[in-house]
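Student: If you scroll down you'll find the structure; I have some questions about it.
Values in this text are rule-based calculations from the coordinates and carry no lab data. Values in this document were obtained by computation on a predicted structure and should not be read as measured data. Heads up, the Cβs are rebuilt from the backbone with ideal geometry, glycines too, and the neighbour counts pull from every protein chain shown.
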Amino acid sequence: MSHPQAFQLHPDDNLVVASGVLEADRTVRGCKVKPRSRIPGGHKMALSKIPVGCNVFKFGQVIGQASCSILPGDHVHEHNLTMAEYSSDYAFAEDASATELIPENQRSTFMGYRRDDGKVGTRNYVGILTSVNCSATVASLIAKEIEKRAILDDFPNVDGVVALTHGAGCAVSTRNEGFRMLQRTIWGHVRHPNFGSVLMVGLGCEANQIPLMVEHFGKPPEGSFHLETIQHHGGTRRTIDSCLDRLHNEILPHADKARREPVPIDEICLALQCGGSDGLSGITANPALGLAVDQLIKQGGSAILAETPEIYGAEHLLTRRSASTEVGEKLISLVRWWEDYVAKLDGHISNNPAPGNKLGGLTTILEKSLGAISKGGTTTLQSVLRYAEPAVGPGLHFMDSPGYDPMSITGEVASGANMICFTTGRGSVYGNKPCPSIKIASNSTMFQRMEEDMDLNAGTIADGIENHSEVADRILNRIVEVAGGSRTKSEIQGFGDHEFVPWSISAIT
């Protein structure tokens with residue numbers, strides 16, 4: 001790795017970001033100012049004097065104000081940077097433009113699973129889903145029996161059987177958004193193309209009735225959906241035996257018939273996520289992923305950006321390129337909802353940066369958000385979705401969700417994402433079933449420390465080895481490879497059985 005340097009990300013910035021540790025009073029490559037103290041990698045150093053109360057700029061945008069006088073060479077962080085109330089010019093749809101698409105005969109392809117409803121999967125799992133927590137243990141026991149008896153040995157084209165359980169489904173009003181959110185999440189997985197078939201297990205008396213979901217959302221294609229209830233069968237053991245019989249004789253044989261075939265890259269819907277971000281995430285991994293997303297969308301594909309609290313303070317950059325004023329206003333309404341929601345719980349949306357984010361150099365939510373939205377690239381924002389609402393059509397979509405990674409990704413998968421790209425600076429071991437998750441490191445130090453969990457290293461940008469376009473090409477190539485069956489690090493390690501975490505806002509009664 002080369003010696004650390006400092007990056008000025010925009011001509012208007014009055015600070016730089018360190019690619020690695022900057023020692024006090026030593027010359028820094030790419031910078032005329034010397035550090036007045038030791039500055040960790042990913043952290044910020046002032047380029048000029050910033051009087052108390054004056055704006056601090058990064059990415060050419062305000063990330064906060066000086067809480068005391070800041071001198072050139074000072075470490076800029078929590079001790080001298082704060083965030084006041086802000087206002088933005090949303091300029092709805094002013095920068096929206098049509099995406100210049102690559103001709104179809106020049107687009108990439110991958111080996112995917114074409115389903116009976118026309119959707120395309122990147123994996124071929126069998127899911128055991130639950131309508132309510134009361135059936136969670138039974139569902140898990142069924143999956144364990146499948147593994148214990150090595151039943152999958154008879155079905156080589158099935159990637160696995162996974163029980164997706166949750167903690168809700170009853171003692172709630174069936175007429176509010178919280179209940180509808182749960183149903184969208186469950187049904188988005190029932191109809192997900194990465195499942196060759198789904199078995200849904202219920203207790204029988206729960207508020208979240210399976211037949212009513214079928215009636216509301218529509219019956220899935222023949223052979224792809226089966227339901228069982230514990231009360232109907234007369235208890236745990238009888239239900240398990242009945243489900244095992246159906247799995248062995250009906251469900252797994254149906255899923256095992258699936259075969260990969262060449263499909264266009266426009267069948268990829270990519271969930272975008274960042275977790276354990278650091279000060280380099282918004283400089284290396286996120287913008288490189290954004291370039292890859294632009295390339296995917298130019299080939300007719302789609303992507304879902306999420307985590308509403310983590311666009312706070314940067315939402316104006318999305319509203320400017322929203323497809324219409326209506327789309328932009330819908331995004332702002334989500335931000336306002338979150339402000340009210342958090343305030344009712346005696347908090348503030350600006351509390352979002354986690355301790356790990358701050359250790360990695362991120363100070364305010366404005367700074368974190370500006371780096372986070374770069375994952376979405378530069379194309380027009382086509383739609384704004386409720387949590388787990390289906391993403392329809394090509395291009396970039398935004399889905400409302402918390403910033404909690406498993407909860408956010410659960411919604412994105414329910415919305416139709418069949419692939420996940422997850423950037424991280426501090427490190428993450430996240431994995432998902434049924435969707436493969438490609439994890440991208442923002443810095444080489446963490447990549448080397450956690451190489452068994454990381455799929456790609458974008459830290460080469462900070463090291464001066466590669467540029468953003470070169471890393472973006474690697475990311476897109478890896479997306480195509482994984483979509484066609486190449487396994488990610490989290491798949492090799494067996495992650496994904498415990499990451500189904502639906503967002504719940506319902507009052508439990």
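Student: Please order T460, T363, T99 by the number of other Cβ within 10 Å, starting at the fewest.
Tutor: Details: T460 21, T363 25, T99 17.
Ascending number of Cβ neighbours within 10 Å: T99, T460, T363.
Student: P(r) of segment 123-170 in 5 Å steps, Cα pairs, percent per bin?
Tutor: Final binned percentages: 5, 24, 25, 21, 13, 8, 3, 0.
Student: In nm, what is the difference between 0.36 nm times the number of residues separating S173 and L359 and their Cα-Cα distance? If you can, show how the numbers build up before the last one.
Tutor: Working: separation 186, 0.36 × 186 = 66.96 nm, distance 4.16 nm.
Value of the extension gain: 62.8 nm.
Student: How much length is gained if the chain between E104 and K144 is pulled fully straight, taking 0.36 nm per residue apart and subtracting their Cα-Cα distance, in nm to one decimal? Provide the component values of the computation, followed by the final result.
Tutor: Values: separation 40, 0.36 × 40 = 14.40 nm, distance 4.44 nm.
Roughly 10.0 nm would be gained on extension.
Student: Skipping prolines and chain starts, which residues have an amide H placed within reach, meaning under 5 Å, of the one on S401, given they are 5 or more residues away or on another chain?
Tutor: Under 5 Å from the amide H of S401 lie the amide H atoms of E307, T308, each far enough along the sequence or on another chain.
Student: Can you list the lysines whose alpha carbon sits under 18 Å from that of K219, skipping same-chain ones fewer than 8 residues off?
Tutor: Hits, sequence-local ones excluded: K119.
Student: Using Cα centres only, tell me the gap between segment 288-329 and segment 7-69 in whole Å.
Tutor: Here the answer is 28 Å between Cα centres.
Student: Work the Kirkwood hydrodynamic radius out for segment 23-66: mean of 1/r over every pair of different alpha-carbon atoms, inverted, in Å. Could the numbers behind the result be given before it?
Tutor: Values: mean 1/r = 0.0851 Å⁻¹.
With all distinct Cα pairs of segment 23-66 included, I get 11.7 Å.
Student: Can you put L15, L359 in order, fewest other beta carbons within 10 Å first?
Tutor: On the way: L15 26, L359 16.
In order of increasing Cβ crowding within 10 Å: L359, L15.
Student: Residue by residue through segment 30-43, which ³J(HN,Hα) values in whole Hz follow from phi under the Karplus form 6.51 cos²θ - 1.76 cosθ + 1.60 (θ = phi - 60°), with glycine and proline marked x?
Tutor: So the J values, rounded to whole Hz, are x, 8, 8, 9, 9, x, 7, 8, 5, 10, x, x, x, 8.
Student: Another question, then. Based on the alpha carbon coordinates of segment 1-87, what radius of gyration and maximum Cα-Cα distance (Dmax) apply, in Å?
Tutor: According to the Cα coordinates of segment 1-87, Rg and Dmax are 12.3, 41 Å.
Student: I would also like to ask the following. What do you get for the angle between helix 236-246 and the principal long axis of the chain? Use alpha-carbon atoms, 0 to 90 degrees, nearest ten.
Tutor: 90 degrees
Student: When you have a sec, figure out the Kirkwood radius of segment 374-455 from all distinct Cα pair distances and drop it here in Å to one decimal?
Tutor: Evaluated over segment 374-455, this radius sits at 13.8 Å.
Student: Using 0.36 nm per residue of separation minus the Cα-Cα distance, give me the extension gain between T325 and E451 in nm, one decimal. Mind showing how you got there, number by number?
Tutor: Working: separation 126, 0.36 × 126 = 45.36 nm, distance 4.38 nm.
The T325-E451 span can extend by a further 41.0 nm.
Student: Continuing with this model, one more query. Helix 136-148: angle to the longest alpha-carbon principal axis of the chain, degrees 0 to 90, nearest 10?
Tutor: Taking Cα atoms only, the helix is inclined about 80 degrees.
Student: As a footprinting exposure proxy, order T284, T130, T165 by other Cβ within 10 Å, with the fewest listed first. Walk me through the numbers on the way to the answer.
Tutor: Working: T284 31, T130 28, T165 21.
Least to most surrounded, the residues fall as T165, T130, T284.
Student: What span do the alpha-carbon atoms of segment 1-153 cover on each of the three principal axes, reported in whole Å from largest to smallest?
Tutor: 67, 44, 39
Student: Continuing with the same structure: Distance cut-off 28 Å, Cα to Cα: go down the list K34/K368; K344/K368; K44/K298 and report the pairs above it.
Tutor: Values: K34/K368 25 Å; K344/K368 23 Å; K44/K298 35 Å.
From K34/K368; K344/K368; K44/K298, over 28 Å: K44/K298.
Student: 5 Å is the cut-off here: which amide hydrogens, built 1.01 Å from N in the peptide plane, fall below it relative to E389, excluding neighbours closer than 5 in sequence?
Tutor: none
Student: Going from the alpha-carbon gyration tensor of segment 112-261, what semi-axes, largest first and in whole Å, does one get by taking the root of 5 times each eigenvalue?
Tutor: Working: eigenvalues 118, 76, 27 Å².
Semi-axes from the Cα gyration tensor: 24, 19, 12 Å.
Student: Using a 7 Å offset from the Cα along the Cα-to-Cβ direction at both S37 and L244, what is the distance between the two label points in nm, to one decimal?
Tutor: Between S37 and L244, the label points sit 6.3 nm apart.
Student: Using alpha carbon centroids, what distance separates segment 179-195 and segment 94-130, in Å?
Tutor: What the calculation gives is 18 Å, centre to centre.
Student: On to the next question. Given H placed on each backbone N at 1.01 Å, which residues far from T423 in sequence or on other chains put an amide H within less than 5 Å of it?
Tutor: Q273, C274, G275, I440
Student: What translational diffusion coefficient, in µm²/s and rounded to a whole number, does the Stokes-Einstein relation yield for segment 270-493 at 10 °C and a viscosity of 1.306 mPa s, taking the hydrodynamic radius as the Kirkwood radius over Cα pairs?
Tutor: For the chosen part, D equals 93 µm²/s.
Student: When the Cα centres of segment 399-424 and segment 436-454 are compared, how far apart do they sit, in Å?
Tutor: Here the two parts' Cα centres lie 19 Å apart.
Student: What three numbers, in Å, describe the spread of the alpha carbons of segment 368-509 along their principal axes, ordered from the longest?
Tutor: Taking the Cα atoms of segment 368-509, the three principal extents are 54, 36, 32 Å.
Student: Looking only at segment 148-177, which residues have a backbone nitrogen under 20 Å from a spot 7 Å from the Cα of A507 in the C-beta direction?
Tutor: Output list for this probe position: 168-177.
Student: Ok, one more. So, with +1 on the Cβ of K and R and -1 on the Cβ of D and E, and no other charges, what is the size of the charge dipole of the chain about its Cα centre, to the nearest 20 debye? It would help to have the intermediate numbers written out before the result.
Tutor: Values: 46 positive and 58 negative charges, 116 e Å.
With only Lys, Arg, Asp and Glu charged at Cβ, the dipole is about 560 debye.
Student: May I pose another question? Report, in degrees rounded to the nearest 10, the 0 to 90 angle that the Cα long axis of helix 285-298 makes with the longest principal axis of the chain.
Tutor: Its long axis makes an angle of about 60 degrees.
Student: What value, in deg cm²/dmol to 500, does the helix sum -39500 (n - 2.57) over DSSP H runs of n ≥ 4 give at 222 nm once divided by the residues of the chain? Please list the in-between numbers first.
Tutor: Numbers: 15 runs with 144 residues, N = 509.
For the chain, the value works out to -8000 deg cm²/dmol.
Student: For Cα pairs less than 8 Å apart in space and 6+ apart in sequence, what is the mean separation divided by the residue count of segment 1-87, i.e. the relative contact order in percent?
Tutor: Working: 217 pairs, mean separation 22.7, N = 87.
So the answer I get is 26 percent.
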